[in-house]
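Heads up: the structure comes next, in structure tokens.
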Amino acid sequence: MSWNDSMIKQAKKIIKMYPQKRSAIGPLLHLAQSKDGYISDDSIAVISELVGITEVQVKSVSTFYSMYKQEPTGKYLLSVCKSISCEINNSKEIIDVVKDFTGLNNNETDENDLFTFEAVECIGACGGAPAMQINYETVEGLSSENTIKLCEWLKEEQPDVIIAEEMQDNFGGTKSFDWAIKDQSGTTGSVPGFQTFNTTKEKK
Amino acid sequence: MKETLLLTKHMRENPEDSHLIDSYEKNGGYETARRTLINGSPENVLEEIKASNIRGRGGAGFPTGVKWGFLAENEDRYLVINADESEPGTFKDRILLERDPHQLIEGIIITCFAANIKNAFIYIRGEYAKPARRVQDAVEQAYQKGYLGKNIFNSEMNLDLVVHLGAGAYICGEETALLNSLEGRRGEPRLKPPYFPAVKGLYMKPTLVNNVETISSVPWIVENTGKEYNKLGVEGSTGTRIFSLSGHVNNPGNYEIEMGSSFGEFVESLGNGIRNNKKVKAYIPGGASAPWFRGDQLDIKMTIDDVANNNSMLGSGAVVMMDEDTNLVNAAKSIVSFFAHESCGQCTPCREGTTWLEMILDRVASGRGRASDIDLLLDVCDNISPGLSWPPKMTTICPLGPSAVSPITSLMNDFREEVESLIPTKVLL
Ligand SMILES: Cc1cc2nc3c(=O)[nH]c(=O)nc-3n(C[C@H](O)[C@H](O)[C@H](O)COP(=O)(O)O)c2cc1C
Ligand code: SF4
Ligand code: FES
């Protein structure tokens, strides 16, 4: 097995949360991705052994869901919404701007492993359309100019923690609703920032 | 027109800290659950829910009291909260998760008390990282206070609550797909019958699946009685509902209102009208799955039955306004390609049909359409949803396939000329 002890320990803790081991596959795949930025064959083998089902079954689960990446992702996963409310609010332009800036097509990662670009379906920010997520942290009410600035900021500053509030303040516009509280924590990789996966961190 | 704040009251009045347990408790939070567990009875809770006549807020609008009544007897029963919110246009559960997670937890405690459930799950879509963090923090706070875990509020009741993150699949919002996903499988819907969640749900045990907004309403109903709730709104659509308004409006957002006013009033007053004083060309009354209404149908009332009687659905409560300049073929294409992308692939009409629809619409939208394409589109639609009736006749395991047909039948019934105008009349060389 190629997960280190602390990962295995974390995995066992996750498995214990469920009445049946198999239910842990989803969270374990997120955990795997937090380690490598994608679902490696190694991780499939580890999960298969931990949960007690075949590797093919784990693989078949992992390929069903769009958030489990089968190829390595960059440090920043740029997911621009293209669903209806964004579509009628110029999401095409935002998509073009991001594509131009990064030189990437859908689901591609650049040579420096900095950016991965994807056009995605509704991210629940329709009131602030057009919207996008960076490593699953949402920024709403985008304009083309601000989207470029956001990409430039990521490229130059390369923040280790992505915080929705910080992006929204600096590059966002209309919001779906009043966010009210300014969280200081965010995500540390191209996985959802979530306590269970140790992928969330406070900004210093 | 005014909002009626039940579910969004606490967050509105306490914007700085509505998500924290201290703030929630300072404003009376968890008192209803405490009293119910110590002095109440499961039967009484169920009676209140039935008397409220609340219908599910996830899309299908099934009466919640009836659903709870169906739950089969078993030692192990589960509650699963559907927080997979992914229907394009919908962002109402997000605000409930982010800004008032304790209201949901209190609803879960009361529901589990009423249904004698010891294990509950909140299935949150993976892209909702921030809402999930807020809920996870809230769950930990509730455990620390002894509101979850063993002997809740020093009563006999035990309850464990797990926050589970999905991984990007709209279809997991469909309740049986959600259960498969929660079991660590591909999110493919199960056949009903025999796999009704209330009988054979999670791990084949009786399971309640309810939407975030539905369960967030439970504390108010139990505190104020079902009778009071039933007085709000109109018959068949009682209580308040959080509508997500988006598209070409001046003030998009979530608005909690009693059901019963018209879409036009709603957009004019709370939405502050259409941007740049434009007219509405078409609008979606209940999320991307719902057939559209025309701009001259703004007087339709925002109730489950009124919308259904006009051959659409109030669905998830997502209202999307499209102004007179909207390219409706592109709009329909966006929706169809959503369904093509999200089809789980089990049923041929859905898997193949949505792919074909996407391809043909793409051709038409880009000016390369053929004279036969309109008939072809309708023919493919007919294969997915025979007769193109509403509600649709099912040829598929779940309603996702027929949903993809909605925007196309809307286009063809009401905006056919717009489609025709895009099809070149001369042969392109
Ligand atoms: C394709 C599809 C997607 C759905 N997505 C959701 C969803 O994201 N959230 C939700 O609560 N219900 C969704 N539903 C409805 C659920 O199947 C189920 O009816 C609902 O969660 C029951 O809860 P309620 O009775 O409280 O509404 C979806 C249904 C279908 C067919
Ligand atoms: S209708 Fe589509 S999404 Fe639903 S089960 Fe069939 S293939 Fe899957
Ligand atoms: S349609 Fe783009 S966030 Fe919902």
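The values are calculated or read from the model by the stated rules, or taken from the named source; none is laboratory data. These numbers come from a predicted model, not from an experiment. Please note: Cβ atoms are built from the backbone with ideal geometry, for glycine as well, and neighbour counts cover all protein chains shown.
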>> Between A:LYS92, A:LYS82, A:LYS75, A:LYS99, which is free of Cβ contacts under 8 Å to residues at least 12 places away in the same chain and more than 16 Å from ligand 2 (Cβ to nearest atom)?
In response: A:LYS92
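So, of the residues in segment B:167-180 that are among the small types (Gly, Ala, Ser) and more than 7 Å from chain A (Cβ to nearest Cβ), which turns out to be nearest to B:ARG134 (Cα to Cα)? Lay out the reasoning, then the answer.
Residues of segment B:167-180 among the small types (Gly, Ala, Ser): B:167-169, B:173, B:177.
Filter once more, so that each one left must be more than 7 Å from chain A (Cβ to nearest Cβ): B:173, B:177.
On the way: B:GLY173: 20, B:ALA177: 25 Å.
It comes out as B:GLY173.
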> Of B:GLY89, B:GLY59, B:GLY29, which residue is modelled with pLDDT under 95 and either in contact with a His (Cβ under 9 Å, 6 or more places away or on another chain) or within 16 Å of ligand 3 (Cβ to nearest atom) (or both)?
Replying inline: B:GLY59
>> Filter segment A:78-98 down to the residues that are more than 11 Å from every other protein chain (Cβ to nearest Cβ) and in contact with a Phe, Trp or Tyr (Cβ under 8 Å, 6 or more places away or on another chain) and list them by number.
In response: A:LEU78, A:VAL80, A:VAL98
>> One residue is enough: does segment B:182-204 have a residue meeting the conditions closer than 24 Å to B:SER41 by Cα and without any contact (Cβ under 8 Å) to a residue 12 or more places away in the chain?
In response: no
> Yes or no: B:MET321 under 15 Å from the mean Cα position of the chain (by Cα), farther than 22 Å from B:ILE374 by Cα and outside any helix (DSSP H, G or I)?
Replying inline: no
> Quick one: is A:SER60 crowded, with 21+ Cβ neighbours inside 10 Å, away from ligand 1 (no atom under 16 Å from the Cβ), of a type in the set (S, T, N, Q) and within 13 Å of chain B (Cβ to nearest Cβ)?
Replying inline: no
> Out of segment A:132-187, which residues are modelled with pLDDT under 95 and either β-branched (Val, Ile, Thr) or assigned by TED's automatic domain parsing to the domain that holds A:GLN33 (or both)?
Replying inline: A:ILE181
>> Consider segment B:259-284. How many of its residues are under 18 Å from B:ASN327 (Cα atoms) and crowded, with 19+ Cβ neighbours inside 10 Å?
In response: 6
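Here is a yes/no grid of residues against (1) of a type in the set (S, T, N, Q); (2) more than 24 Å from B:ALA288 (Cβ to Cβ); (3) at pLDDT below 95:
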{"position": "B:PHE153", "(1), (2), (3)": "no, yes, no"}
{"position": "B:MET157", "(1), (2), (3)": "no, yes, no"}
{"position": "B:GLU174", "(1), (2), (3)": "no, no, no"}
{"position": "B:SER181", "(1), (2), (3)": "yes, no, no"}
{"position": "B:LYS192", "(1), (2), (3)": "no, no, yes"}
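Restricted to segment B:22-53, and to residues that are within 14 Å of chain A (Cβ to nearest Cβ) and surrounded by 17 or more Cβ atoms within 10 Å (Cβ to Cβ), which residue is nearest to the chain's Cα centre (by Cα)? Reasoning before the result, please.
We begin by selecting, within segment B:22-53, every residue within 14 Å of chain A (Cβ to nearest Cβ); these are B:22-24.
Adding the requirement that they be surrounded by 17 or more Cβ atoms within 10 Å (Cβ to Cβ) leaves B:23-24.
Details: B:SER23: 28, B:TYR24: 25 Å.
Of everything passing the filter in segment B:22-53, B:TYR24 is nearest to the chain's Cα centre (by Cα).
Take the residues in segment A:74-97 that are among the β-branched types (Val, Ile, Thr) and closer than 19 Å to B:HIS341 by Cβ, then tell me which one is farthest from the chain's Cα centre (by Cα).
First pass over segment A:74-97, keeping only residues among the β-branched types (Val, Ile, Thr): A:80, A:84, A:88, A:94-95, A:97.
In the following step, the residues that additionally are closer than 19 Å to B:HIS341 by Cβ were identified as A:80, A:84, A:88, A:94-95.
Numbers: A:VAL80: 12, A:ILE84: 21, A:ILE88: 24, A:ILE94: 18, A:ILE95: 17 Å.
Only one residue fits best here, namely A:ILE88.
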>> Could you check segment B:81-101 and list, in sequence order, the residues that are of a type in the set (Gly, Ala, Ser) and facing chain A (nearest Cβ under 8 Å)?
In response: B:SER86, B:GLY89
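Quick check, is B:ALA120 within 14 Å of chain A (Cβ to nearest Cβ) and either among the small types (Gly, Ala, Ser) or part of a loop (DSSP other than H, G, I, E, B) (or both)? Let's see the steps before the verdict.
Numbers: within 14 Å of chain A (Cβ to nearest Cβ): yes; either among the small types (Gly, Ala, Ser) or part of a loop (DSSP other than H, G, I, E, B) (or both): yes.
Answer is yes for this residue.
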> Among (1) outside any helix (DSSP H, G or I); (2) more than 14 Å from chain A (Cβ to nearest Cβ); (3) within 16 Å of ligand 1 (Cβ to nearest atom); (4) touching a residue at least 40 places away in the same chain (Cβ under 8 Å), which single condition is B:THR214 missing?
Replying inline: (1)
> With respect to the numbered conditions (1) more than 10 Å from chain A (Cβ to nearest Cβ); (2) crowded, with 19+ Cβ neighbours inside 10 Å, which one is the sole condition not fulfilled by B:GLU127?
Replying inline: (1)
